[in-house]
Amino acid sequence: MMLKNDLLLRAARGEKTERIPVWLMRQAGRILPEYRAVRASLSGFKELVETPERAAEVTLQPVDILGVDAAIIFSDILVVSEGMGLPYEMEEKKGPYFPKTIDQVQDIDRLRTGKAEDFHYTLDAIRITRKELNGRVPLIGFAGAPFTLLCYMVEGGGSKTFSKSKKLLFTEPEAAGKLLQKITDTTIAYLRGQVEAGADLLQVFDSWAGILSPQAYEKFSIPFLRQICEAFPDVPVTLFAKGAFYARKSLAALPCQVIGTDWNMPPEESRLLVGEKTLQGNLDPCVLYGSAKFITEETHAMIRAFGAQRYIANLGHGVYPDTDPMKVRHFVETVQQFDISTLQNR
């Protein structure tokens with residue numbers, strides 16, 4: 001299908017764009033009253049994820065309401081663990097937790113390698129969304145990075161220290177590698193299904209990357225991210241490793257097209273580290289609590305630091321749920337109205 005707005009795809013491929021494309025992580029949900037109304041009509045988050053028509057509905061909302069340059073399918077990174085036989089629950093205002101966790105090597109052996117059809121609800125949501133978008137903007141598919149999923153499956157939820165996960169890595173490295181490989185194989189199958197269903201780009205979220213040392217990240221994350229990237233030679237892939245400022249050069253050496261950055265990763269420094277790759281990011285989400293004038297100033301400063309080309313504007317992490325949607329829209333419009341001719345020599 002021919003896209004009416006293909007700015008994101010062109011920027012991801014390193015092609016010239018007439019303006020900077022912009023979207024937001026976690027744009028589908030949370031901040032929008034329209035999303036909250038849909039969620040309130042269901043039993044909770046998981047029913048929304050697993051009901052294709054409703055997941056498609058909330059995926060489309062930020063395109064219609066905020067005017068972003070891409071849709072990202074409404075789902076959760078933890079569906080992969082569920083497809084492997086380790087279900088999760090989503091507790092209101094607390095987040096995800098696992099009734100059963102990976103406690104010993106035998107638990108890893110009992111996990112299955114998921115197939116695309118195990119995630120039929122997300123794939124159906126992509127098909128519906130793709131049809132409803134009718135080429136207005138690209139559709140982003142996504143998954144969690146293997147290391148981040150290992151953390152959830154071992155810890156049972158979020159953690160301050162991730163000591164259980166690190167204990168597995170450092171005391172049972174072979175078992176950890178086996179778990180990471182199973183997650184990787186499942187993730188590749190899942191993402192292939194997303195592409196076949198109609199996703200135009202893919203993003204891999206390594207949300208807990210920053211808890212590892214550079215040496216540990218090279219061993220327990222980079223090889224598995226490489227496998228994922230290599231599985232999609234014809235689809236733009238974005239790698240976003242939250243907190244792993246030290247890994248930008250290693251990530252850029254992988255066969256991906258875009259490197260996501262958080263607000264602790266200076267744009268000029270990132271340019272030097274990633275070479276010709278496209279960069280994405282990296283406004284601190286808390287900037288959106290500020291005045292319209294402050295948001296404009298900070299957004300302009302961010303754009304000037306990144307430059308006009310090979311750049312996708314975004315936040316440095318997901319938008320926070322108590323953010324005023326009109327301030328989010330102001331951020332989006334500020335990016336879209338920026339005159340890139342002032343940066344043509346950048």
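The values are calculated or read from the model by the stated rules, or taken from the named source; none is laboratory data. Note that the coordinates shown come from a computational prediction; the quantities given were computed from them, not determined experimentally. All Cβ positions, even for glycine, are placed from backbone atoms using ideal geometry, and neighbour counts span all protein chains on display.
A few remarks follow.
- Residue in region 91-101 that is buried (at least 21 other Cβ atoms within 10 Å of the Cβ), modelled with pLDDT under 95 and at positive phi present: no
- With respect to (1) without any contact (Cβ under 8 Å) to a residue 60 or more places away in the chain; (2) farther than 30 Å from Ile20 by Cα; (3) not in a strand (DSSP E or B); (4) not charged (D, E, K, R), the lone exception for Leu86 is condition (1).
- Complete set of residues in region 126-162 that are over 17 Å from the mean Cα position of the chain (by Cα), under 16 Å from Ala199 (Cα atoms) and in a helix (DSSP H, G or I): Arg127, Ile128, Thr129, Arg130, Lys131, Glu132, Leu133
- The set of residues in region 31-72 that are of a type in the set (Gly, Ala, Ser), surrounded by fewer than 19 Cβ atoms within 10 Å (Cβ to Cβ) and within 21 Å of the chain's Cα centre (by Cα) contains only Gly67.
- Restricting the first member to region 259-280 and to residues that are touching a residue at least 60 places away in the same chain (Cβ under 8 Å), and the second to residues that are among the charged types (D, E, K, R), the beta-carbon pairs closer than 6 Å and six or more apart or on different chains are Thr278/Arg310.
Here is a yes/no grid of residues against (1) touching a Pro at 6+ places or on another chain (Cβ under 7 Å); (2) without any contact (Cβ under 8 Å) to a residue 40 or more places away in the chain; (3) within 25 Å of Ala71 (Cα to Cα):
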| residue | (1), (2), (3) |
| --- | --- |
| Ala189 | no, no, yes |
| Gly210 | no, yes, no |
| Gln215 | no, yes, no |
| Asp234 | no, yes, yes |
| Phe245 | no, yes, no |
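- Asp322 being of a type outside the set (A, V, I, L, M) and closer than 21 Å to Arg30 by Cβ: yes
- Matching residues, region 141-153, being out of contact with any Gly (no Cβ under 9 Å at 6 or more places or on another chain), of a type in the set (A, V, I, L, M, F, W, C) and surrounded by 23 or more Cβ atoms within 10 Å (Cβ to Cβ): Ala143, Ala145, Phe147, Leu149, Leu150, Met153
- Some residue of region 177-197 being farther than 26 Å from Gly316 by Cβ and in a loop (DSSP other than H, G, I, E, B): no
- Within the set Val274, Val235, Val287, the sole residue that is closer than 26 Å to Val332 by Cβ, surrounded by fewer than 22 Cβ atoms within 10 Å (Cβ to Cβ) and either of a type in the set (Lys, Arg) or touching an Asp or Glu at 6+ places or on another chain (Cβ under 6 Å) (or both) turns out to be Val287.
- Residue match in region 159-177 (condition: among the acidic types (Asp, Glu) and either modelled with pLDDT under 95 or surrounded by fewer than 17 Cβ atoms within 10 Å (Cβ to Cβ) (or both)): yes
- Some residue of region 46-57 being more than 30 Å from Gln337 (Cα to Cα) and in contact with a strand residue (DSSP E or B) (Cβ under 9 Å, 6 or more places away or on another chain): yes
- Count of residues meeting criterion [part of a helix (DSSP H, G or I) and touching a residue at least 60 places away in the same chain (Cβ under 8 Å)] in region 90-108: 2
- Taking region 292-306 as the range and being surrounded by fewer than 19 Cβ atoms within 10 Å (Cβ to Cβ) and under 21 Å from Asp324 (Cα atoms) as the test, the residues that pass are Ala292, Lys293, Phe294, Thr296, Glu297, Glu298, His300.
- Residue tally, condition without any contact (Cβ under 8 Å) to a residue 24 or more places away in the chain and among the aromatic types (Phe, Trp, Tyr), over region 281-304: 1
- Residue within region 197-214 that is under 15 Å from the mean Cα position of the chain (by Cα), more than 18 Å from Cys151 (Cα to Cα) and among the charged types (D, E, K, R) present: yes
- Taking the listed residues Val204, Val154, the one that is within 24 Å of Gly95 (Cα to Cα) and without any contact (Cβ under 8 Å) to a residue 60 or more places away in the chain is Val154, with no other qualifying.
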